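Worksheet for the structure shown next.
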Amino acid sequence: MTRILVVEDEPMVAEVVERYLRRDGHEVTLAFDGRAACQEFERSLPDLVVLDLMLPGMDGLEVFRRLREASATPVIMLTARGNESDRLRGLDLGADDYVTKPFSPRELASRVRAVLRRSGASAPSTEKLNFDRLQIDASTRTVEVDGRLVMLTAREFDILYHLARHPSHVFGREQLLSSIWEHDFDGDASTVTVHVRRLRAKIELDPSRPAHIRTVWGVGYKFEP
Ligand code: CA
């Protein structure tokens, strides 16, 4: 069962969303303001967060920043119609998707399913990630590009899998180093750069203009599906 945290200060909206997500088989907790959202997030460690940006007190973008400091949990933002700048800032900060208010709860539920599918949270046992030209299988640690098996080193696979599990989420080089190299780390952040270059040469159509493993200047890398 997946756990979803819904952060929304309008009780009517929160309850409708809760009902639809429950119907889809998710376990749902509600938070009505930003502070409660952060506390609930730490307590329940949800698989996905539905986050309204217009909240009293601490606003949604601030909540989002705090969640992102702690984890890469997928976030779907609820934004007000016409509030383009908030939406863009949210996506820049690494939100996984957004839904504009007023929205149909059915549409939100289907976005939730899609984001969970992409993040792999809904099917932790299979660990297969499928993208257009690219298939990644964590159980066999194999990668196919256009149906052809590609040989990756262990590190290359780890980097690709780590990025691809969190589409569009930006990871710094130091962050990748500490989560992938763990204890036997003996290089510096440029090690990551070298591995990414090799990885691109193997999986990208045009490694000089990568479609999947994108550089975010001054920050690190992200995977674009
Ligand atoms: Ca609101």
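Here is how the numbers come out for the structure above:
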quantity: Angstrom value of the Kirkwood radius, inverse mean 1/r, which spans all Cα pairs in the stretch 3-119; calculated: 13.7
quantity: Karplus-derived HN-Hα couplings along the stretch 154-168 (A = 6.51, B = -1.76, C = 1.60, θ = phi - 60°), whole Hz, x at Gly and Pro; calculated: 4, 5, 4, 4, 4, 5, 4, 5, 4, 5, 6, 6, 10, x, 6
quantity: Residue-wise HN-Hα coupling along the stretch 215-221, computed from phi with Karplus coefficients 6.51, -1.76, 1.60 (Hz; x: Gly, Pro); calculated: 7, 10, 4, x, 10, x, 10
quantity: Relative intensity, log₁₀ I(q)/I(0), of the stretch 128-223 from a Debye sum that treats every alpha carbon as a point, q = 0.20 Å⁻¹; calculated: -0.98
quantity: Heavy atoms of R87: accessible area, 1.4 Å probe, square angstrom to 10; calculated: 40
quantity: The chain: radius of gyration over Cα atoms, expressed as a fraction of 2.2 N^0.38 Å; calculated: 1.06
quantity: Nearby aspartates and glutamates by direct alpha-carbon distance to K202 (threshold 18 angstrom, same-chain neighbours under 8 apart not counted); calculated: D132, D137, E144, D146, E156, D158, E224
quantity: C-alpha long axis of helix 105-119 to longest principal axis of the chain, angle in °; calculated: 20
quantity: Inter-part distance where the stretch 40-67 and the stretch 3-27 are each reduced to a Cα centre, Å; calculated: 14
quantity: Dipole magnitude of the stretch 3-119 about its Cα centre (Cβ charges: Lys, Arg +1; Asp, Glu -1), debye to nearest 20; calculated: 420
quantity: Accessible surface ranking that places the most exposed of K222, K202 first, with a 1.4 angstrom probe; calculated: K202, K222
quantity: Lys/Arg +1, Asp/Glu -1 at C-beta; the stretch 3-119 dipole; positive extreme among F103, M58, G90; calculated: F103
quantity: Student exercise, the chain dipole from Lys, Arg, Asp, Glu Cβ charges, in Debye to nearest 20; calculated: 620
quantity: Amide hydrogen neighbours beyond the local backbone of L51, cut-off 5 Å, H modeled; calculated: V7, I76, M77, L78
quantity: Tilt relative to the chain, helix 11-23 - C-alpha long axis, 0 to 90 degrees, to 10; calculated: 50
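The values are calculated or read from the model by the stated rules, or taken from the named source; none is laboratory data. Quick caveat: nothing in here was measured; it's all calculated off a predicted structure. Don't worry about glycine lacking a Cβ; one is built from the backbone with ideal geometry, like all the others, and counts go over all protein chains shown. Ligands, DNA and RNA are stripped out before the accessible areas are found, and what is left, the full protein with its side chains, is counted by its heavy atoms. Shrake-Rupley method; radii C 1.70, N 1.55, O 1.52, S 1.80 Å.
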